[in-house]
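> Handing you a structure now.
The values are calculated or read from the model by the stated rules, or taken from the named source; none is laboratory data. These numbers come from a predicted model, not from an experiment. In this analysis, Cβ positions are derived from the backbone assuming ideal geometry, glycine residues included, and neighbour counts consider all displayed protein chains. Remember, those area values only see protein heavy atoms, side chains included, never the ligands or the DNA or RNA. Shrake-Rupley method; radii C 1.70, N 1.55, O 1.52, S 1.80 Å.
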Amino acid sequence: MNAPEALSRRIAEIPSMSSGSRRLVLLLTQLGDFDSMEYAQALVPALPRLEQAGIRPLAIAIGD
């Protein structure tokens, strides 16, 4: 699935998310929200497989 053009342009500005690379962009709610934390924790075991497949993850959320 392709991202909206505005989001694609913004993501392409991030050095590790250059155009032509495979990306998985996660749009999360507030970082203090348990749903966001649980989703991120569930993704951690998949990170090596994503790396092997050449997919770069990027999480975008509200908060710090």
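> I'd like the carbon and sulfur percentage of the solvent accessible area for the chain, probe radius 1.4 Å, heavy atoms only, ligands and nucleic acids excluded. Could you put the intermediate results ahead of the total?
Numbers: 2900 of 5110 Å².
After summing per-atom areas, the C and S share lands at 57 percent.
> Under the rule of at least 5 residues apart or a separate chain, name every residue whose amide H is placed under 5 Å from the amide H of residue 59.
Those lying under 5 Å, H to H, from residue 59 are 26.
> Report, in debye and to the nearest 20, how large the dipole of the chain comes out about its Cα centre when Lys and Arg carry +1 and Asp and Glu carry -1 on their Cβ.
360 debye
> Let me know the whole percent of all Cα-Cα pairs from the chain that are separated by more than 15 Å.
On the way: 1117 of 2016 pairs.
Cα-Cα pairs of the chain separated by over 15 Å account for 55 percent.
> Hey, can you find the accessible area per residue of the chain for me, probe 1.4 Å, expressed in square angstrom? Before the final figure, lay out the partial values.
Values: 5110 Å² over 64 residues.
Accessible area per residue, the chain: 80 Å².
> Helix-derived [θ] at 222 nm for the chain: sum -39500 (n - 2.57) over DSSP H runs of at least 4, divide by residue count, nearest 500? Mind dumping the intermediate values first?
Working: 3 runs with 24 residues, N = 64.
-10000 deg cm²/dmol, from helical runs alone.
> If we sort 5-13, 41-49 on the protection proxy, mean other Cβ atoms within 10 Å, highest first, what's the order? Walk me through the numbers on the way to the answer.
On the way: 5-13: 12.0, 41-49: 10.0.
The densest-packed peptide leads the list: 5-13, 41-49.
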